[in-house]
Amino acid sequence: MTEIKREIPVLYLVVPCYNEEEVVEKTAAVMREKLSRLERENKIAKASKIMFVNDGSKDATLRLLHGIAAGDKKFSVVSLSGNYGHQSAILAGMMTARKYADAVVTIDADLQQDIEALDLFLQSYMEGCEVVYGVRNDRHSDGIFKKVTATAYYRLMHMLGSTVMTNHADYRLMSKKALDALSEYRETNLFLRGLIPTMGFPSDVVYFDVKAREAGHSKYTLSKMLTLAMDGITSMSVRPLRLIGGLGFLMFLFSVAMCVISLVDWVMGNNVPGYTTTLIVSLIIGGITLLSLGIIGEYVGKIYMETKHRPRYIIDTLVWREGEDKAGEEQ
Ligand code: UDP
Ligand code: MG
């Protein structure tokens, strides 16, 4: 890659939080410490901040976040009007942060993603990358269920033509330029992990270790995970629709063959009742028809949601204070 000389960036960490009362204060302290260190090492500008996005938490998260931000101007809080889900929460954070930042890193609130990887993210940014993907080294901190389902999922995604990056889970740096480009994508069904790699731009990959959750439990329920998986496929690829077409064609060939067979049987005078054949054929056709309708319905539903042009998130409150962070001042 050609070396581009860049200014030291104003970095914003965007941290989505949904019911994270057990962990936010610890997270704030760890991130604050890391940001100060990066400032001292002249890797980021003094105006850098940590932006929490409260995704409609029902516990004390918002109160704690306001407390954290009240005591320290390094923190800001975007509070959404309800629970819009992880993808929309980070989008809200990124779209707010891009007004103030040169680069934004999205990172989970549970400290699972190694924050020390920030140095590598920044290094790639300084070398001219507009997007830097954090990719996890392995999955030893995951349970066997998540390990198996995740691996199968990435396989399926690639088979179905998605551009998603294996083992990359929204721990990512994006420059202001990349974020401005992302803001042009108006779709409601947002699957950032698949979308961002299609945007082009020089990019890089940084590997990091995943730790166990610092506190609390996973906020990705099975149903949220399934929705994300489904969105990942249907918002990035129409290959399932093509597969249905192919399946329909095979069924057509099959029924032609069955017609020929039964006609031959009839001519030969073999008028066996044929109960089993009839049953199997109608079951197969019924099953495939319903499955196909379901898949098509999934897309029609997506189209329906897209045509409404609804906002993808609504910001209820924004706590953001001009930092008294002019050059040389200690925070
Ligand atoms: N999250 C969110 N909205 C949701 C679900 C999760 O903002 O509806 C946040 C959550 O607070 C965390 C991040 O998304 O910061 C990742 O969630 P979690 O750690 O629970 O997922 P896992 O690591 O288990 O996949
Ligand atoms: Mg987590």
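Only residues that are of a type in the set (S, T, N, Q), touching a residue at least 40 places away in the same chain (Cβ under 8 Å) and open to solvent by 50 Å² or more (accessible area, probe 1.4 Å): list them for segment 150-167, please. Spell out the reasoning first.
First, pick out the residues of segment 150-167 that are of a type in the set (S, T, N, Q): 151, 162-163, 166-167.
Within this subset, residues satisfying the condition of being touching a residue at least 40 places away in the same chain (Cβ under 8 Å) are 162-163.
The answer is 163, and nothing else.
Being touching a Phe, Trp or Tyr at 6+ places or on another chain (Cβ under 8 Å) and within 16 Å of ligand 2 (Cβ to nearest atom) is the filter here; which residues of segment 142-195 pass it?
Step one: filter segment 142-195 for residues touching a Phe, Trp or Tyr at 6+ places or on another chain (Cβ under 8 Å), giving 164-168, 171-173, 175, 177-178, 181, 195.
167, 168, 171, 172, listed by residue number.
Out of 13, 35, which single residue is modelled with pLDDT of 95 or more and open to solvent by less than 10 Å² (accessible area, probe 1.4 Å)?
On the way: 35 fails: modelled with pLDDT of 95 or more.
Answer to the selection: 13.
List every residue pair whose Cβ atoms lie under 9 Å apart, where the two residues are 6 or more positions apart in sequence or sit on different chains, the first residue falls within segment 101-112 and is small (Gly, Ala, Ser), and the second residue, located anywhere, is near ligand 1 (Cβ under 6 Å from one of its atoms) and part of a strand (DSSP E or B).
109/16; 109/17
Being open to solvent by 10 Å² or more (accessible area, probe 1.4 Å) and under 18 Å from residue 214 (Cα atoms) is true for just one of 108, 119. Which residue is that?
Values: 119 fails: under 18 Å from residue 214 (Cα atoms).
After applying the criteria, what remains is 108.
With the requirement that a residue be of a type in the set (A, V, I, L, M, F, W, C) and either open to solvent by 80 Å² or more (accessible area, probe 1.4 Å) or at positive phi (or both), what does segment 210-229 give you? Talk me through it step by step, then tell me what you get.
The initial filter retains those residues of segment 210-229 that are of a type in the set (A, V, I, L, M, F, W, C), namely 210, 212, 215, 222, 225-226, 228-229.
Within segment 210-229, 222, 226 qualify.
Scan (1) under 30 Å from residue 126 (Cβ atoms); (2) within 16 Å of ligand 2 (Cβ to nearest atom); (3) at pLDDT 80 or above for the single condition residue 205 breaks and write down its number.
(2)
Before we move on, is residue 209 more than 16 Å from ligand 1 (Cβ to nearest atom) and among the acidic types (Asp, Glu)?
Working: more than 16 Å from ligand 1 (Cβ to nearest atom): no; among the acidic types (Asp, Glu): yes.
So residue 209 fails the test.
Test residue 203 against the criterion of being in contact with a helix residue (DSSP H, G or I) (Cβ under 8 Å, 6 or more places away or on another chain), among the small types (Gly, Ala, Ser) and open to solvent by 10 Å² or more (accessible area, probe 1.4 Å), and give yes or no.
Values: in contact with a helix residue (DSSP H, G or I) (Cβ under 8 Å, 6 or more places away or on another chain): yes; among the small types (Gly, Ala, Ser): yes; open to solvent by 10 Å² or more (accessible area, probe 1.4 Å): yes.
The answer is yes for residue 203.
Which of the numbered conditions does residue 211 fail, given that it passes all the others? Conditions: (1) away from ligand 2 (no atom under 16 Å from the Cβ); (2) among the basic types (Lys, Arg); (3) out of contact with any Lys or Arg (no Cβ under 6 Å at 6 or more places or on another chain).
Here residue 211 meets the rest and fails (1).
When segment 97-145 is examined, which residues are found to be within 16 Å of ligand 1 (Cβ to nearest atom) and within 14 Å of residue 10 (Cβ to Cβ)?
Answer for segment 97-145, where residues must be within 16 Å of ligand 1 (Cβ to nearest atom) and within 14 Å of residue 10 (Cβ to Cβ): 97, 104, 105.
One line per residue, one yes/no per condition, for (1) open to solvent by less than 90 Å² (accessible area, probe 1.4 Å); (2) free of Cβ contacts under 8 Å to residues at least 24 places away in the same chain; (3) touching a Pro at 6+ places or on another chain (Cβ under 6 Å):
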position: 237; (1), (2), (3): yes, no, no
position: 241; (1), (2), (3): yes, no, no
position: 253; (1), (2), (3): yes, yes, no
position: 275; (1), (2), (3): no, yes, no
position: 280; (1), (2), (3): yes, yes, no
position: 286; (1), (2), (3): yes, yes, no
position: 313; (1), (2), (3): yes, no, no
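Which ones in segment 19-32 are surrounded by fewer than 23 Cβ atoms within 10 Å (Cβ to Cβ) and either within 16 Å of ligand 2 (Cβ to nearest atom) or not small (Gly, Ala, Ser) (or both)?
19, 21, 22, 23, 25, 26, 30, 31, 32
The values are calculated or read from the model by the stated rules, or taken from the named source; none is laboratory data. Worth saying up front: this structure is predicted, and the values here are computed from it rather than measured. Neighbour counts are summed over all protein chains in view; Cβ atoms, including those assigned to glycine, are modelled from backbone coordinates with ideal geometry. The protein model used for the area step is the full one, side chains on, heavy atoms only, and it has no ligands, DNA or RNA in it. Shrake-Rupley method; radii C 1.70, N 1.55, O 1.52, S 1.80 Å.
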